[in-house]
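**Q** Just passing along the structure, written as structure tokens.
Each value in this text was obtained by applying a stated rule to the coordinates, not by laboratory testing. Bear in mind the structure is a predicted one, so any value in this text is a computation, not a measurement. Here Cβ is always computed from backbone atoms with ideal geometry, including for glycine, and neighbour counts include all displayed protein chains.
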């Protein structure tokens, strides 16, 4: 390719090299499932502490989790998005709303130590504020460092959960 061709987007019908099977341009928008109460996978293994505004839970990481085989081959670690999902699931457990809540916003998310099979991610979520239509939360996940024998931050940040918009429910 010439340099000038690299500055232009590829034609719509050309497969993207990052996604060999892109959705057709005229594909319908994503529609959430109607049975929101069903969680396809539960990352929370156990709730160990709870009060009105805070929940502490654990996620034990094992080699039995299929996604670890590809993340990364020969050096499996819990993907960052799964760490975030663990925080979100803990928050939903804390709020215990009578309607499904979706992740609407993430701010200041930072990752630290990796979480490997055989380790436990301990998450603490706290409600920062409650509004009529959403919840502002703060979450932090730590993992016990085998070398220093301290708990090290694996993930931390702030996020918002809100009800599924009525037009998509």
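**Q** Give me 82, 114 ranked fewest to most by other Cβ atoms within 10 Å of their Cβ, as a rough exposure proxy.
**A** The most exposed by this proxy come first: 114, 82.
**Q** Is the shape of segment 128-169 best called rounded, prolate or oblate, per the rule: a/c under 1.5 gives rounded, else a/b larger than b/c gives prolate, else oblate, with a ≥ b ≥ c the square roots of the Cα gyration tensor eigenvalues?
**A** prolate
**Q** Tell me, what are the semi-axes, in whole angstrom and largest first, of the equivalent ellipsoid of segment 88-169 as set by the roots of 5 times the Cα gyration tensor eigenvalues?
**A** One finds semi-axes of 29, 12, 11 Å for segment 88-169.
**Q** While we're on this one: Taking 7 Å along the Cα-to-C-beta vector as the label spot, tell me the residue 153-residue 111 distance in nanometres, rounded to one decimal.
**A** Roughly 1.6 nm, to one decimal.
**Q** Counting other beta carbons within 10 Å of each Cβ, put 135, 111, 67 in order, fewest first.
**A** Going from least to most buried by this count: 67, 111, 135.
**Q** Something else: Taking 0.36 nm per intervening residue step and subtracting the Cα-Cα distance, what contour gain separates residue 47 from residue 130 on full extension?
**A** Once the chain is fully extended between residue 47 and residue 130, it gains 27.7 nm.
**Q** Also, I was wondering about something else. If we sort 151-163, 121-133 on the protection proxy, mean other Cβ atoms within 10 Å, highest first, what's the order?
**A** Descending mean neighbour count gives 151-163, 121-133.
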